[in-house]
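The values are calculated or read from the model by the stated rules, or taken from the named source; none is laboratory data. In this text, all values refer to a predicted model and were calculated from it rather than measured experimentally. Reconstructed Cβ throughout: ideal geometry from the backbone, glycine too, with neighbour counts over all protein chains shown. All accessible areas refer to the heavy atoms of the entire protein, side chains included, with ligands and DNA or RNA removed. Shrake-Rupley method; radii C 1.70, N 1.55, O 1.52, S 1.80 Å.
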Amino acid sequence: MKASEFKDLSIDELCAKETELHKELFNLRFQLHTGHLENSARVSQVRKDIARVKTFLSSKQQA
């Protein structure tokens with residue numbers, strides 16, 4: 001997702017998205033280690049999305 005898509009989400013939606021991304025990252029890592037992952041670039045993409053969500057979450061909680 002792009003950063004602009006995260007801007008419009010509320011705090012609850014950001015928390016839910018973070019949980020969803022963590023689950024996806026777990027599944028991707030599992031596939032990576034078992035050799036079934038087709039797109040290895042997706043792992044770093046999900047990690048960056050988690051960082052974006054955490055950034056927007058902290059900025060909204062401070063405001």
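What is the angle, in °, between the Cα long axis of helix 41-62 and the longest principal axis of the Cα atoms in the chain? Nearest 10 is fine, range 0 to 90.
The answer is roughly 20 degrees.
Check the straight Cα-Cα distances from residue 23 and name the aspartates and glutamates below 14 Å, setting aside those fewer than 8 residues away within the same chain.
Residue 23 reaches 49.
Would you mind working out the accessible area per residue for the chain, using a 1.4 Å probe, and quoting it in Å²?
74
Once you have the Kirkwood Rh of the chain from its Cα pairs, apply Stokes-Einstein at 10 °C and 1.306 mPa s and quote D in µm²/s.
Stokes-Einstein gives a translational diffusion coefficient of 129 µm²/s.
Computing the accessible area with a 1.4 Å probe over protein heavy atoms, can you report the carbon and sulfur percentage for the chain?
Accessible surface attributable to carbon and sulfur in the chain totals 51 percent.
Once label points are set 7 Å from the Cα along Cα→Cβ at both residue 47 and residue 5, what is their separation, rounded to one decimal in nm?
Rounded to a tenth, the inter-label distance reads 2.1 nm.
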